[in-house]
Amino acid sequence: MGTKLLSVWNRINVLKTSSTVSQLICTYGAALGQFSHRCAYNTLKKSTQCASSYSSQILKARKPVFSFVNTSEKNQYAQYSLLGTLSLSVKDKSAYCSDKKSISSMSFGEDILFRQLLEYKSYTYTYLLADVATNEAVLIDPVIDTVDRDVRLVFELGLNLLYAVNTHVHADHITGSGSIKKMIPSCKSVIAEISNARADVKLKEGDIIKFGQFQLEARSTPGHTDGCMSFVWHEKGMVFTGDALLIRGCGRTDFQQGNPGTLYDSVHKKILSLPQHFKVFPGHDYTGQTMSSVGEELRFNSRLTKPKNEFIEVMGRLNLPYPKQIDKALPANMVCGVFDVPENS
Ligand SMILES: [Fe+2]
């Protein structure tokens, strides 16, 4: 047993006769921050057999959450567990741990291919979705800077990329859909009709994007921009929210037709009304988190859990800096996928 693991082991042994839920979770978090999930899980499981009955609930609840997350997220979640759980009562802790259906886990089945790709200058997530049986695929929110990476991946995996979908006219980066069409001419660019941007396919509320045996439902979620759309993959319990709903936050509403009241209504009616176990995949995250769930955001989103009037006040006070790339991004994104994009952007 290594030195670090030994120290965690000793700490658990001290706690196990008088463990509280929060102590167990904190200890588990400490182990998780230093070791692999399996190592931390097995260590805590073995050493807490005589501890509080809560320990088995914690272990069961924690395991799926950490199954496929990366190291930085594990550390972040460990800190989250530490801070979040300590402030709850014993009764609340029990409810939190047993309500794991609405806590995100990443198991989507073997019939799909799913990749979450990061563009790290603007912290934009691009999503590659494919039907394994037919190889038909969709890219959501490709970024011009990472088009080579994404197209290479499409080719390496033998996928037939049908659509490059834009959740909205972005202000912080240039869409990759124009460049992708140069490399894969059969691929169609997609955006909401109401955005007035140029694209091969213009979506309206309720339109369907099909790939293989699967389909995404387009839901209009304005408020960040007029043309924002979220895409619901009902069969897999997933929603791609663009900038309408972010993890514990939301897109800004101070330019591009932004309207906080509209955003509040959109998110509550079209996204947070989905079943609580639906996984939320945002357009960005600036803290290293990759996914959330409807249930998590209903509980922990510090903005959208407020009453509408307070939300509007909060959004009006954000005082955010002007986006660095907006002056070149907006004109380029208004012609996504139809005309040439700037070569040196
Ligand atoms: Fe945006």
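When the residues of the stretch 131-187 are filtered to those that are within 16 Å of the ligand (Cβ to nearest atom) and of a type in the set (A, V, I, L, M, F, W, C), the one that is surrounded by the fewest Cβ atoms within 10 Å (Cβ to Cβ) is 144.
Considering only residues in the stretch 213-233 that are in contact with a Leu (Cβ under 9 Å, 6 or more places away or on another chain) and away from the ligand (no atom under 16 Å from the Cβ), the one that is nearest to residue 111 (Cα to Cα) turns out to be 214. If you check 298, 246 for being of a type in the set (A, V, I, L, M), over 29 Å from residue 174 (Cβ atoms) and within 22 Å of the chain's Cα centre (by Cα), only one passes: 298. Under the condition of being touching a strand residue (DSSP E or B) at 6+ places or on another chain (Cβ under 9 Å), touching a residue at least 40 places away in the same chain (Cβ under 8 Å) and not acidic (Asp, Glu), which residue from the stretch 196-209 is surrounded by the most Cβ atoms within 10 Å (Cβ to Cβ)? Among those that are touching a strand residue (DSSP E or B) at 6+ places or on another chain (Cβ under 9 Å), touching a residue at least 40 places away in the same chain (Cβ under 8 Å) and not acidic (Asp, Glu), it is 199.
Within the stretch 213-236, the residues that satisfy the criterion of being among the polar types (S, T, N, Q), more than 15 Å from residue 291 (Cβ to Cβ) and assigned to a strand (DSSP E or B) are 215, 220.
Taking residue 270, is it touching a strand residue (DSSP E or B) at 6+ places or on another chain (Cβ under 9 Å) and more than 16 Å from the ligand (Cβ to nearest atom)?
Values: touching a strand residue (DSSP E or B) at 6+ places or on another chain (Cβ under 9 Å): yes; more than 16 Å from the ligand (Cβ to nearest atom): yes.
Yes.
Residues that are more than 16 Å from the ligand (Cβ to nearest atom) and assigned to a helix (DSSP H, G or I): does the stretch 237-260 have at least one? For the stretch 237-260, residues more than 16 Å from the ligand (Cβ to nearest atom) and assigned to a helix (DSSP H, G or I): absent. Within the stretch 291-303, residues that are modelled with pLDDT of 95 or more sit with their Cβ atoms under 7 Å from residues that are of a type in the set (Phe, Trp, Tyr), at 6+ positions apart or across chains, in these pairs: 291/281; 293/278; 294/278; 303/311. Cβ-Cβ below 7 Å, separation at least six or inter-chain, first residue in the stretch 170-189 and under 16 Å from residue 227 (Cα atoms), second more than 16 Å from the ligand (Cβ to nearest atom) and among the acidic types (Asp, Glu): which pairs? Cβ pairs passing all conditions: 189/200.
The values are calculated or read from the model by the stated rules, or taken from the named source; none is laboratory data. As the structure is a prediction and not an experimental result, all values here were calculated from the model. Neighbour counts are summed over all protein chains in view; Cβ atoms, including those assigned to glycine, are modelled from backbone coordinates with ideal geometry.
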